[in-house]
Amino acid sequence: MHVGVKVPNVTFHTRVRDESVGGPNPYRWQDMTSDDYFKGKRVVLFSLPGAFTPTCSTYQLPGYEKNAEEFRKLGIDEIYCMSVNDSFVMNAWARDQKLKHVKVIPDGSGIFTRQIGMLVDKDNLGFGYRSWRYAAVIDDGVIEAWFEEPGREDNHGEDPYGESSPETVLEYLRSKA
């Protein structure tokens, strides 16, 4: 469905650590574009319903972090985790998870997620609009492979997980090596 399609051209509003800011909160705003993240690189992007949520924090994000070296050996330059959360939440989650390899992308308003067709209403959980769980291998901004959890719909009663797992993406990459 998405294979061969260029990722949406979006500007992400991020907060980055900058010691020159000084004080107890040395961060500044830095806008990043889709090109900043995807141009000239082969990356894995995975997106999930929310930072600090159970499946995301227990299995999906830690699995990508733990397997980062194998992803690199299979030709992946970066691993990105995206969620419809603001930069403050994504940065706090990255610190909480002690990330060293996976980089977080805040899609606070869900613009990228909406344009790629994965924005769903999760109001049944009090979340509002969030991303359906998926992963993709993206080569120079073009989707090479797509891994979407089954049953995408608004207010889904479950949170399927498997298709977008690091194990599934690694299996695909090994088959292409």
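The values are calculated or read from the model by the stated rules, or taken from the named source; none is laboratory data. On a predicted model such as this, the values are computed, not experimentally measured, just so you know. Positions of Cβ are backbone-derived with ideal geometry, glycine not excepted, and every protein chain shown enters the neighbour counts.
Within segment 116-147, the set of residues being under 21 Å from PRO106 (Cβ atoms) and part of a strand (DSSP E or B) comprises LEU119, VAL120, ASP121, TYR129, ARG130, SER131, TYR134, ALA135, ALA136, ILE138, ILE143. In segment 17-43, the residue that is surrounded by the most Cβ atoms within 10 Å (Cβ to Cβ) out of those that are at pLDDT 95 or above and part of a loop (DSSP other than H, G, I, E, B) is LYS41. Given the conditions (1) surrounded by 12 or more Cβ atoms within 10 Å (Cβ to Cβ); (2) over 14 Å from the mean Cα position of the chain (by Cα); (3) outside any loop (DSSP other than H, G, I, E, B), and given that HIS2 satisfies all but one, which numbered condition is not satisfied? Condition (3) is where HIS2 drops out. Consider GLY117 carefully, then state whether it is surrounded by fewer than 19 Cβ atoms within 10 Å (Cβ to Cβ) and within 22 Å of ASN9 (Cβ to Cβ). Judged against the criteria, GLY117 is a match.
Restricting GLU144, GLU149 to residues that are closer than 26 Å to GLU171 by Cα and within 15 Å of the chain's Cα centre (by Cα) narrows the list to GLU149. The one condition from (1) under 13 Å from the mean Cα position of the chain (by Cα); (2) more than 15 Å from GLY50 (Cα to Cα); (3) surrounded by fewer than 21 Cβ atoms within 10 Å (Cβ to Cβ) that GLY110 does not meet is (2). Between GLU65, GLU163, GLU148, GLU78, the distinction of being of a type outside the set (Phe, Trp, Tyr) and out of contact with any Phe, Trp or Tyr (no Cβ under 9 Å at 6 or more places or on another chain) belongs to GLU65 only. In segment 158-177, the residues that are under 13 Å from ILE76 (Cα atoms) reach residues that are assigned to a helix (DSSP H, G or I) and modelled with pLDDT under 95 with C-beta atoms within less than 8 angstrom, at least six apart or across chains, in these pairs: PRO166/GLN60. For PRO8, the conditions (1) within 16 Å of VAL137 (Cα to Cα); (2) touching a Phe, Trp or Tyr at 6+ places or on another chain (Cβ under 7 Å); (3) surrounded by 16 or more Cβ atoms within 10 Å (Cβ to Cβ); (4) not small (Gly, Ala, Ser) all hold with the exception of (3). Filtering segment 146-155 to residues that are of a type outside the set (Asp, Glu) and surrounded by fewer than 18 Cβ atoms within 10 Å (Cβ to Cβ) leaves PRO150, GLY151, ARG152, ASN155. Looking across segment 156-169, the residues that are of a type in the set (Asp, Glu) and surrounded by 15 or more Cβ atoms within 10 Å (Cβ to Cβ) come down to ASP159, GLU163.
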